[in-house]
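Engineer: First the structure, then my questions, so here it is.
The values are calculated or read from the model by the stated rules, or taken from the named source; none is laboratory data. Everything quoted here is computed from the prediction, not taken from an experiment. Reconstructed Cβ throughout: ideal geometry from the backbone, glycine too, with neighbour counts over all protein chains shown. These area figures cover heavy atoms from the full protein model, side chains too; ligands, DNA and RNA do not enter into them. Shrake-Rupley method; radii C 1.70, N 1.55, O 1.52, S 1.80 Å.
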Amino acid sequence: MTSSAALVRVATSRGVTTLTLDSPHNRNALSTPLMTELLAGLAAAVADDAVRVVVLDHTGPVFCSGADLEETAAAYASGTVPAGMLGDVLAAVWECPKPVVARVAGPARAGGLGLIAAADLALCAQEATFAFTEVRIGVIPAVISATVLPRLHPRAAAELYLTGDTFDGRRAAEIGLVTAAGPADGLDAAVERACASLVRGAPGALAGAKDLLRRPPAVDLRAEIAELAALSTGYFLSDEGREGVAAFREKRDAAWVPAD
């Protein structure tokens, strides 16, 4: 099933919905119209039980150049800027109960890095380049820090936030911004392998695992263990847990695995 939108294209196949940023004329900048369509696409994917994984993709050579500075400049007269919606987009990706995979074949800057960091998995071409360029235009990477800083190694964050220097896909993987970097001609295969693995997970269990990854550090370890033990028991006794154990014992795919 495929549908077209002005700035975000949507395609769904075998449990995977791909949301493709399709505004190459401004390097897929995060304009208000594009972010509106992206939020709508995410909401539709979350609401569709047949969708198991969301992929963020792009047309053109650039993944995302960050905020639409033309739109921002035009908004100065009103005393506001459209950056606020970016927070809604990052939160929607971060909080999505379904795994989100970013496919990054080209450069990303500023807000585009926040989008990459919000995804659960980010796979990039090693030739792709990245930069936190905000300080060079007199602003700071404030909103994107909500998703970026939990990913980055602290020393790398300090260096790259303060210098605005450009770095490549290999460095992005080393510092935690992306999951892995590889040759550009292998990127599609890497994304396909990741999605094939993700759709084998039970929908409820995947959402629960994402919640675990977002849990704050425990203050009381024994209380934390007791709470997690109860949580684990609940999953084993759930319909998904019972089906998963039965499928494992019977050496078959679980009922939720999409048919080829």
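Engineer: Applying the selection to the range 13-26, what residues are under 15 Å from Leu198 (Cα atoms), among the hydroxyl-bearing types (Ser, Thr, Tyr) and touching a helix residue (DSSP H, G or I) at 6+ places or on another chain (Cβ under 8 Å)?
Structural biologist: Thr17
Engineer: Which one is nearest to Gly169 (Cα to Cα), of the residues in the range 126-141 that are among the β-branched types (Val, Ile, Thr) and either surrounded by 18 or more Cβ atoms within 10 Å (Cβ to Cβ) or touching a strand residue (DSSP E or B) at 6+ places or on another chain (Cβ under 7 Å) (or both)?
Structural biologist: So, considering only residues that are among the β-branched types (Val, Ile, Thr) and either surrounded by 18 or more Cβ atoms within 10 Å (Cβ to Cβ) or touching a strand residue (DSSP E or B) at 6+ places or on another chain (Cβ under 7 Å) (or both), the one nearest to Gly169 (Cα to Cα) is Thr129.
Engineer: Counting only residues that are assigned to a helix (DSSP H, G or I) and touching a residue at least 12 places away in the same chain (Cβ under 8 Å), which one in the range 242-260 is surrounded by the most Cβ atoms within 10 Å (Cβ to Cβ)?
Structural biologist: Step one: list which residues in the range 242-260 are assigned to a helix (DSSP H, G or I), which gives 242-249.
When the remaining residues are screened for being touching a residue at least 12 places away in the same chain (Cβ under 8 Å), the result is 243-244.
On the way: Glu243: 14, Gly244: 19.
Only one residue fits best here, namely Gly244.
Engineer: Testing Asp68 on (1) touching a Ser or Thr at 6+ places or on another chain (Cβ under 8 Å); (2) surrounded by fewer than 15 Cβ atoms within 10 Å (Cβ to Cβ), one condition comes back false. Which one is that?
Structural biologist: (2)
Engineer: Check the range 229-236 and report whether any residue there is open to solvent by less than 80 Å² (accessible area, probe 1.4 Å), aliphatic (A, V, I, L, M) and free of Cβ contacts under 8 Å to residues at least 12 places away in the same chain.
Structural biologist: Yes, some residue in the range 229-236 is open to solvent by less than 80 Å² (accessible area, probe 1.4 Å), aliphatic (A, V, I, L, M) and free of Cβ contacts under 8 Å to residues at least 12 places away in the same chain.
Engineer: Still on this structure: Could you please find all residues in the range 211-241 being assigned to a helix (DSSP H, G or I) and under 22 Å from Val53 (Cα atoms)? Walk me through how you get there before you give the answer.
Structural biologist: Restricting attention to the range 211-241, the residues satisfying the condition of being assigned to a helix (DSSP H, G or I) are 211-213, 221-237, 239-241.
Once the filter is applied, which keeps residues that are assigned to a helix (DSSP H, G or I) and under 22 Å from Val53 (Cα atoms), the range 211-241 yields Asp211, Leu212, Leu213, Tyr235, Asp239, Glu240, Gly241.
Engineer: For the range 36-72, enumerate the residues that are over 14 Å from the mean Cα position of the chain (by Cα) and under 18 Å from Arg109 (Cα atoms).
Structural biologist: Thr59, Gly60, Pro61, Val62, Ser65, Gly66, Ala67, Asp68, Leu69, Glu70, Glu71, Thr72
Engineer: Which residue is surrounded by the most Cβ atoms within 10 Å (Cβ to Cβ), if the candidates are limited to the range 16-40 and must be among the charged types (D, E, K, R) and in contact with a Leu (Cβ under 8 Å, 6 or more places away or on another chain)?
Structural biologist: Filtering the range 16-40 for residues that are among the charged types (D, E, K, R) and in contact with a Leu (Cβ under 8 Å, 6 or more places away or on another chain), the one surrounded by the most Cβ atoms within 10 Å (Cβ to Cβ) comes out as Glu37.
Engineer: Identify, please: which residue in the range 166-186 is part of a loop (DSSP other than H, G, I, E, B) and not β-branched (Val, Ile, Thr) and is, among those, least open to solvent (accessible area, probe 1.4 Å)?
Structural biologist: Checking each candidate, the answer is Leu177.
Engineer: Note down all Cβ pairs under 9 Å where the first residue falls in the range 81-107 and is over 16 Å from Ala67 (Cβ atoms), the second is at pLDDT below 95, and they're at least six residues apart or on different chains.
Structural biologist: So the pair list comes out as Trp94/Arg214; Glu95/Arg214.
Engineer: Hey, another quick one. Could you list, in sequence order, all residues of the range 169-202 that are over 21 Å from Ala118 (Cβ atoms) and charged (D, E, K, R)?
Structural biologist: Passing the criteria: Arg170, Asp185, Asp188, Glu192, Arg193, Arg200.
Engineer: Within the range 189-212, identify whether any single residue is open to solvent by 40 Å² or more (accessible area, probe 1.4 Å), over 21 Å from Ala122 (Cα atoms) and of a type in the set (Ser, Thr, Tyr), and answer yes or no.
Structural biologist: Checking the range 189-212: not a single residue is open to solvent by 40 Å² or more (accessible area, probe 1.4 Å), over 21 Å from Ala122 (Cα atoms) and of a type in the set (Ser, Thr, Tyr).
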